[in-house]
1. Roughly how many nanometres apart are two label points built 7 Å out from the Cα toward the Cβ at A:E61 and A:L152?
2. Any chance you could list the semi-axes, whole Å, largest first, of the equivalent ellipsoid that the Cα gyration tensor gives for segment A:77-141, using √(5λ)?
3. Can you give the angle from 0 to 90° between the axis of helix A:40-51 and the longest principal axis of chain A, with both taken from C-alpha atoms, to the nearest 10?
4. For helix A:202-211, what angle does its Cα long axis make with the longest principal axis of chain A, in degrees from 0 to 90 and rounded to 10?
5. Give me a single rounded figure for B:260-268: the average over its residues of other chain Cβ atoms within 10 Å of their Cβ.
6. Can you check how the C-alpha radius of gyration of segment B:220-294 compares to 2.2 N^0.38 Å, as a plain ratio?
7. So what's segment B:117-228 giving for Rg/Rh, alpha carbon basis, Kirkwood Rh from the mean inverse pair distance?
8. Which three extents, in angstrom, do the Cα atoms of segment B:153-192 have along their principal axes, listed largest first?
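All of the numbers you see were taken from the coordinates with simple rules; none came from a lab. Bear in mind the structure is a predicted one, so any value in this text is a computation, not a measurement. Cβ: placed from backbone, ideal geometry, glycine included. Neighbour counts: every protein chain shown.
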Amino acid sequence: MIITSQGFGHFEKKVNNQDFGIESPRMVLILDGCSGAKYSEVGTRLFAQLFSRKEEWDSAEKFEDNVKEVFEDIILMMSKYYKTPEEMEENFITENLLFTIIACFDMGDKYVVKLFGDGYIITQNVRERTSYMRFAYGKCPPYFAYRYCKNLKDPRFSDYTFKTFIFDKAVFPKIAIATDGIQPIAKGEVKMMDGRIFEGNQAYVDIIIKGKKQKFYDDITIGIIGGESK
Amino acid sequence: MSILDGFKSNQGTGDQTSDMHKTDAVTSKFEPVNGEIRRDEPKRVDRSKAHVPSRVDKPKKKGFFGGLIGGGAAEDKAAVAPVTTDDKKKPIDMEYDDYSGLNYGQSSGSGFGFGSGFVSYKPLENKKFYFILVENSKEIDKIKDMISAIIGNYVVDEKSLTCIVNYGGVLHFSEPLDLKDLTSLPVLVENDIGRLARLYDALCALKTLIDSKKKSIEDDKTKRVIVNSIDILCIGTCRDVGSKHSKDEAIVAFDEIIRDSTVTTKYICLTEDGFKEAAEFGFKSIGSISVNYQ
């Protein structure tokens, strides 16, 4: 199930929802577009469309290779529109392809979460207590697209890889992933959400988010394996 | 002299209003919580059982004014209507609980007015209680200035109380501190920095402490204080070394703490490696001090 809602800050600035997500019965993928980029929503939707066309796109083992192939395909396709690699880096990659990638896979007895960028992993333990793990790296989080940029201010960005977290279902029966727009819920500013996220009650979560929309400055997207999206 | 002596000696004397009070004081079953009954003090009236004395009694003449203004006519009127011209001029003594905050819990009041000897209520003040658990380890010791800053930023409620719990080889609970005391407080117990980190023991001890604090009312000199919300902040690596309690016991104890919706929890790990461990306990918000992509 994927729940996504435009942040109130983006609504005020007339910026589209830059988050996007796709899912299959054994995997959910959410993408959080960089707010500072002009066309993040284009990059997230383009990437998700092409990614879902890949063979075994919802396989955990092939996930990182699939991501890499899709990025390279997109850059190759677009390269003829730009005279130099530097121009393409400045005008296409950094304006379209900067987004966080978070994927959650159901592997039978465990969940595997792969993360590149910043975001949240939401867990529920055996006593049904919800925890919000925040992965934050300041104002400039690392993005996968930096691998294709040669003129970075911080060269460390090009060496980053996916983080992988494994959650045993005996300890954590339920796992969700979310973009950093969920922060008001994680901080406790929006109540009555902890258990509801995992119930798969999309309508309820939607109502709460829309009812408290002024607290959600950034776009919010929650991905949970199972349930049905709109 | 017994308490009834006053009743006997006061019968039929004085003016109408004071007569009523003095009589009522004896017939009332009300007793002040603190202190002894004083015979010259007004007391709460149990109207159902009180002798209703002098509303139909004739008021007695009181010297010059009683004879001149009141006269016989006043006496006649009093048989029908108890409030005389003189009574209208004077404020009528009313009986009510004294909230003024004077003579709290003291039986030996001034003896004047109706503040003394009555049950008085101290104002009830809500307080937030912060429990800050800090791992007493070498890793934390290296960044103790940052830890102090984190604590300083986290505790924002001026009326709150804070208890800093250091857990290493021993558990050390600080006295409840006000906000201003936090700035000068060392966050680590210097002589206990080592390899032990008894997190499980600390969580079990915390449960016992919170059970005693939660919803309890503590009397102060001028107010009563109730702890109506609790905030738990834990800073460390989320590892345990050397605890007497098991992990399961600690999880159960912590779960009982956070069952109450007024309890908020947060764990700040040194690195992301401790996230899963903190989530296993059920800390709601889990973050990392480091912003490096590890």
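1. 2.9
2. 37, 15, 6
3. 80
4. Roughly 80 degrees, rounded to the nearest 10.
5. Mean inter-chain Cβ contacts per residue within 10 Å come to 1.
6. Here the answer is 1.35, to two decimals.
7. Taking Rh as the inverse mean 1/r over Cα pairs, Rg/Rh reads 1.06.
8. Principal-axis extents of segment B:153-192 (Cα, largest first): 32, 15, 14 Å.
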